[in-house]
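The values are calculated or read from the model by the stated rules, or taken from the named source; none is laboratory data. Everything numeric in this text was worked out from a predicted model, so none of it was measured. Backbone-built Cβ (ideal geometry, glycine too); neighbour counts: all protein chains shown.
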Amino acid sequence: MTATTLRQLGLPPISQLGHVVRNLEAAMALYEPLYGPFTTMEGSVPAATFRGRVADVQLMMAFGHSGDLEIELIEWRGGDSPHREFLERGREGIHHVQFRVEDCDGWIEKVKPVGYEVVWYKRYSADTTFAYLERAGDPTLIEFLQMPPGGPGTA
């Protein structure tokens, strides 16, 4: 049997590169010439499923762009999430790539044969869900984001 690649599954183009950083202000200053200007927001996530249990996380985020590609900088401030694990492993930098999809749960099933498993998941509403997935031996996670173009509830 031939190995299936993510590209063969028909994934859309990457919509975002997510970086986990220790200090959001310092990272924004560093990356401003490449991806700025940045907009910031408090991005905490209450009651998400993280590795099979419900957990809260406190995050601050900044968003910049390179053409149509969104660049997300994430500072972990507390709680349980893949961002905390990343930092605890001594890492900082590119953490995940995001794909905007119409059916998050459907894509989770599609990538299982390629070795991806959900580690972080949150359904906000019928039209807004995200999932972070990992596979063995790959330090970069993938994120599926299902959300209408104008934001939640605007479909």
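A compact table of results
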| item | result |
| --- | --- |
| Any hit, region 3-16, residues being loosely packed, with under 10 Cβ neighbours inside 10 Å and either in contact with a strand residue (DSSP E or B) (Cβ under 6 Å, 6 or more places away or on another chain) or of a type in the set (A, V, I, L, M) (or both) | yes |
| Given (1) crowded, with 19+ Cβ neighbours inside 10 Å; (2) at pLDDT 95 or above, number of the condition Arg77 does not satisfy | (1) |
| Test for Leu34: is it among the hydrophobic types (A, V, I, L, M, F, W, C), loosely packed, with under 14 Cβ neighbours inside 10 Å and assigned to a helix (DSSP H, G or I) | yes |
| Sole residue being part of a strand (DSSP E or B), in contact with a Leu (Cβ under 8 Å, 6 or more places away or on another chain), more than 19 Å from Leu133 (Cα to Cα) and of a type outside the set (Val, Ile, Thr), chosen from Met41, Met60 | Met60 |
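Residue-wise test of (1) touching a residue at least 12 places away in the same chain (Cβ under 8 Å); (2) within 19 Å of Phe99 (Cβ to Cβ).
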| position | (1), (2) |
| --- | --- |
| His19 | yes, yes |
| Glu25 | no, no |
| Leu30 | no, no |
| Leu34 | yes, no |
| His65 | yes, yes |
| Glu75 | yes, no |
